[in-house]
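Written out below as structure tokens is the structure these notes cover.
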Amino acid sequence: MTIFKQTFTVARTISLSTAFILLLTSFIAQSAPLVLASKNFTEQHILSAMTVQYLNEKGIAVTPKTDLASTIMRNAMLNKQVDLAWEYTGTSLIVYNRITEPMSVDATYAKVKELDAKQGIVWLEPAKMNNTYAFAMQRQRAEKENIHTLSQLVARITEIQQTDAKHNWMIGFDPEFVNRSDGLKPMQGVYKIHLERPQIRQMDPGLVYNAIRDGFVDVGLVYATDGRIKGFDLEVLEDDKGFFPSYAVTPIVRKEVLDSTPGLADALNTLSRLLDNDAISTLNAKVDIEHQSAEQVANQFLKDHGLL
């Protein structure tokens, strides 16, 4: 009987020790800071700073991992090296899932949400902003020449080609768009525009805005939420044939992280609801034109909305 009691006591002690170790391991895992990934441009820097500051305020520790390329960020999340990020619906649809058929804003979101659910990634509420490709001109010139849509732009470029070829319009592009399978060539097919090689001026994406402002090019490819559109008084032309896909920025989180972090979904959705094209382009301009830091801009934005 004594031996039985001793054996039972030892077994019970081992069992309790094992349970304690498992509980401690679970606690450490839950209390470790979440890893937030962001890409290497201004808008993502602001979203990252905003998220870190707000989640910390809510008692959710976060470690930012910045300046990642899209595919690297994607692989890191799939490999559980990253817990959350702000992703664009169009990037997921086209780059990650290789779907190029035209879709509406809502259909794009629904599709990427469905596909990523199979990968254990949850798409939360998309912001009412769309950082898609767009073409822009100097606002005064667009108004003077009555060019407000891409179809009107194409008509004007074609007219110049036929009547005054020595002064053909020059268009600024970033090299990626020129060479993408879903970029310049299919766009030319949809809008029935022919461009001579000298008309295509390839340059760093950030230089396109200056080139439009300074008249080095007549029109250029831009990102719709870039702060320099407002800062340089450019007009974004309407994509009246709906060629460009939706790039609605959305908080995405690994499902197991979301399930084990109370309040995370509500906090991220709160931020998402505050963002639209006007709000984010204003924030982008404060960094790119006024040269404030992303951290300063994010902090003031949160304070303005009573979140800090």
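General observations
- Those strands (runs of 3 or more DSSP E) lying entirely in segment 193-290 with at least 1 residues open to solvent by 50 Å² or more (accessible area, probe 1.4 Å), within 27 Å of Thr158 (Cβ to Cβ) and touching a helix residue (DSSP H, G or I) at 6+ places or on another chain (Cβ under 9 Å): 200-202, 219-223, 234-236
- Test: residue in segment 126-144 that is modelled with pLDDT under 95, more than 27 Å from the chain's Cα centre (by Cα), over 18 Å from Ser246 (Cβ atoms) and of a type in the set (Gly, Ala, Ser): no
- Residues of segment 189-213 that are polar (S, T, N, Q) and within 25 Å of the chain's Cα centre (by Cα): Gln202, Asn210.
Each row is one residue, and each column tells you yes or no for (1) farther than 20 Å from Val208 by Cα; (2) free of Cβ contacts under 8 Å to residues at least 24 places away in the same chain; (3) not hydrophobic (A, V, I, L, M, F, W, C).
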position: Trp123; (1), (2), (3): yes, no, no
position: Ala134; (1), (2), (3): no, no, no
position: Gln140; (1), (2), (3): no, no, yes
position: Ile171; (1), (2), (3): no, no, no
position: Arg180; (1), (2), (3): no, yes, yes
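- When segment 83-104 is filtered for residues that are of a type in the set (A, V, I, L, M) and within 16 Å of the chain's Cα centre (by Cα), the ones remaining, listed by number, are Leu84, Ala85, Leu93, Ile94, Val95.
- Unique residue being touching a Leu at 6+ places or on another chain (Cβ under 8 Å) and within 30 Å of Glu256 (Cα to Cα) when the list is Gln119, Gln188, Gln152: Gln119
The values are calculated or read from the model by the stated rules, or taken from the named source; none is laboratory data. Everything numeric in this text was worked out from a predicted model, so none of it was measured. Positions of Cβ are backbone-derived with ideal geometry, glycine not excepted, and every protein chain shown enters the neighbour counts. When the accessible area is computed, the model is the full protein with side chains, heavy atoms only, and any ligands, DNA or RNA have been set aside. Shrake-Rupley method; radii C 1.70, N 1.55, O 1.52, S 1.80 Å.
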